[in-house]
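A short worksheet on the structure shown next.
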Amino acid sequence: MFRESLLVLCLVLALPFLAVAMPPEGRQAVVEGEDRFLASIKLHTAEELSAFLDRAEELSDSKASYHSSHPIAVVLHGPEVDLFSYANYRSNKGLINKAAQLDALGLIDVKVCETYMRYHGITEQDLPPYVDVVPFGPALESQLREQGYQEF
């Protein structure tokens, strides 16, 4: 019951922000003939996120199948957000540094749900500078899927 109430509250709070949850200027959502990818993060664990980062790195090694001008969208909106907190840096150093490297290379674009952050006491200052904050992660994922992003 509590979980359902929290979800409804999150949706109500996010409605005014949905229009601004689009990808940043300069990164079009859909271009004819080019694949767009969205990270499929379902278990919300460090192991799952680490496996995704390894796959993204492997994809970057096969340049013929990846367009670096279109990074893989990584939208985090569960407990995996805590992994990126500076308070958890020591225990997640490898994960945070690999994500930073892949983001710097333009292979991934990490976005974190502000709604999740607010309910868990996380601020933008608690996160690395390469992490962008979006109003509501699940809504952004839905928008990206509607715009042709495929799960990766």
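Within the set of pairs 6+ apart or on separate chains, which have a first residue in the stretch 86-111 that is more than 13 Å from residue 72 (Cβ to Cβ), a second that is of a type in the set (Val, Ile, Thr) and at pLDDT 95 or above, and C-beta atoms under 8 Å apart?
As it stands, the answer is 89/96, since those pairs meet every condition given.
Hey, could you check the stretch 135-152 for residues that are of a type in the set (A, V, I, L, M, F, W, C), in a helix (DSSP H, G or I) and in contact with a strand residue (DSSP E or B) (Cβ under 8 Å, 6 or more places away or on another chain) and say which is farthest from residue 79 (Cα to Cα)?
The qualifying residue farthest from residue 79 (Cα to Cα) is 144.
For the stretch 41-121, which helices (runs of 4 or more DSSP H) that fit wholly inside it have 1 or more residues that are aromatic (Phe, Trp, Tyr)?
46-61, 89-104, 114-119
Kindly provide the set of residues from the stretch 104-129 that are surrounded by 15 or more Cβ atoms within 10 Å (Cβ to Cβ) and in contact with a strand residue (DSSP E or B) (Cβ under 6 Å, 6 or more places away or on another chain), ordered by number.
Passing the criteria: 108, 109, 110, 111, 112, 114.
Of the numbered conditions (1) surrounded by 18 or more Cβ atoms within 10 Å (Cβ to Cβ); (2) in contact with a Leu (Cβ under 7 Å, 6 or more places away or on another chain); (3) under 19 Å from residue 39 (Cα atoms); (4) not basic (Lys, Arg), residue 57 fails exactly one; give the number of that condition.
Failing condition for residue 57: (1).
The values are calculated or read from the model by the stated rules, or taken from the named source; none is laboratory data. Computed from a prediction, not measured in an experiment: that's the story for all the values here. Note that we place each Cβ from the backbone using ideal geometry, even for glycine, and neighbour counts take in every protein chain shown.
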